[in-house]
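Bear in mind that the values in this text are calculations on the coordinates, not laboratory data. Predicted, not measured: the structure shown is a model, and the values here were computed from it. Cβ: placed from backbone, ideal geometry, glycine included. Neighbour counts: every protein chain shown.
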Amino acid sequence: MNAASTTSETFHFTSAGVRCAATHVAPAGATGASEGPGGRRVLRPVVVLAHGLAGTQDAGMMPFAEAFAAAGLHAVTFDYRGFGASEGSPRQSVSLAGQIADLHAVIEAAKRRDGVDPEQVVLWGISLGGGHVVSVAAERDDVAAVISAVPLVDGLAAAALAAREHTPAQLLASTGRGVLSAVRRRAGRGPAMIPVVARPGEVGALTQPGALEDYLAIAGPTWRNEVAADVVMELGTRAPAKAAHSLRVPWLVQVADFDRSAPPHAAMKAAGAGRAEVRHYPGGHFDLFAGKPCHERAVAHAVLFLRRHLDVPAPVEPGEPAEVAEVAEVAEGSGPAGATGPEQVGYATR
């Protein structure tokens, strides 16, 4: 991607009275004096990107945002309260309801950004964020499209997968830390912490083989490898899949078939309820991030999906990622059940 084809600006928004950090990535020339024929202002769709468990803007989000911007869309990344550059305490504590509220708040802020078409808001989420965007889109009437990448949409299904992936002793240790954290909160003390990612056999929220190395590979300066331990219990209550049937906008679900963190079968079931377009990738949970085998294809498929369903003006300064053009050529002529290289595309039905 041509870095000169995008610009970025940090800004802040407020969620529940807390100052949160965000970044607006735009096509070069698409803010300020950007105009169309006859002096008419050109407004572009905006993609709001929601990260996963304990994720921060500088942990793998920018390559996605920059790719969307290079393709002619605005993109907004943000940090949840208590994480990264956002304020809020306790730090590193995941509140699922709080993160949903943060996403609602950043959508309102994104709609006010210069050059943004407030009637073409796209929600993109990865992992835990891939479920959040489903819940939020089902509650709003101003969302034009949704993209869920390796989404965690069913907490109980994820817990069942974790039970198969870990020994009883490992599960007991993680659950024990979660209970301790909850007790400490009720006593007015700070939560007990565990690593976000750890090696197999260690205590952590994510301990699948390769998870530590994969997360550290995308981690930025503000990311910290710790999270309040009670998240392991709260995740079990999360079920955004229940909102899938309420979606009335185009929805793309990107499934990593060998995902050992977010169960692929749960994502497929939710996709069926929401009549989503589904893309399959021959990789694991982190393989859609930059530098991994499925990243370029996943980004290109997302851009093509948005071009089909939204009014996306051409970039002011042509700088379309090469992979977008490549996949466009491959995808031409393939029907809903056709293959695009190693990935399969289809439309889920009830």
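For the chain, the mean residue ellipticity at 222 nm estimated from helices alone is -10000 deg cm²/dmol, where every DSSP H run of n ≥ 4 contributes -39500 (n - 2.57) and the total is divided by all residues, rounded to the nearest 500.
Treat region 7-128 as a sphere of radius equal to its Kirkwood radius over Cα pairs and apply Stokes-Einstein at 10 °C in a medium of 1.306 mPa s; give the translational diffusion coefficient in µm²/s, rounded to a whole number. This corresponds to a translational diffusion coefficient of 109 µm²/s.
For region 155-249, a simple Cβ point-charge model (Lys and Arg +1, Asp and Glu -1, everything else neutral) yields a dipole of about 460 debye relative to the Cα centre. Take every DSSP beta bridge whose two residues both sit in the chain; close to 45 percent of them are antiparallel. The residues packed around L161, meaning those with a beta-carbon under 15 Å from its beta-carbon, carry a net charge of 0 if Lys and Arg are +1 and Asp and Glu are -1.
Length gained on full extension, V183 to R19: 56.2 nm, using 0.36 nm per residue less the C-alpha separation. The C-alpha atoms of the chain define a longest principal axis, and helix 264-273 lies at about 50 degrees to it. With the gyration tensor restricted to C-alpha atoms of the chain, the semi-axes of the equivalent ellipsoid amount to 32, 24, 18 Å, longest first.
According to the Cα-based calculation, Rg over Rh for region 80-183 is 1.06, with Rh computed by the Kirkwood formula.
Nearest 10 degrees, 0 to 90: what angle lies between the long axis of helix 168-186 and the longest principal axis of the chain (Cα atoms)? For 168-186 against the chain, the angle is about 90 degrees.
Each of Y281, Y80 was scored by other Cβ atoms within 10 Å of its Cβ. Arranged with the fewest first, they read Y281, Y80.
Annotation: the residues V227, V197, V134, sorted from fewest to most other C-beta atoms within 10 Å of their own C-beta, follow the order V197, V227, V134. Relative to the longest principal axis of the Cα atoms of the chain, the long axis of helix 322-331 makes an angle of roughly 80 degrees.
How many percent of all Cα-Cα pairs in region 181-305 sit more than 18 Å apart? Looking at region 181-305, the distances longer than 18 Å represent 64 percent of pairs.
With R₀ fixed at 25 Å, the C-beta to C-beta distance from H104 to A160 puts the FRET efficiency at about 0.25. Taking the three principal axes of the alpha carbon atoms in region 227-292, the coordinate ranges are 35, 31, 19 Å, sorted in descending order. Extents of region 141-248, largest first, come to 42, 35, 32 Å (Cα atoms, principal axes, whole angstrom). Taking the Cβ-Cβ separation of L171 and R112 as r and a Förster radius of 45 Å, what is the calculated FRET efficiency to the nearest 0.05? The formula returns an efficiency of 0.50 here.
Within the straight-line cut-off of under 25 Å between alpha carbons, the lysines reachable from K242 are K269, sequence neighbours fewer than 8 places apart in one chain being disregarded.
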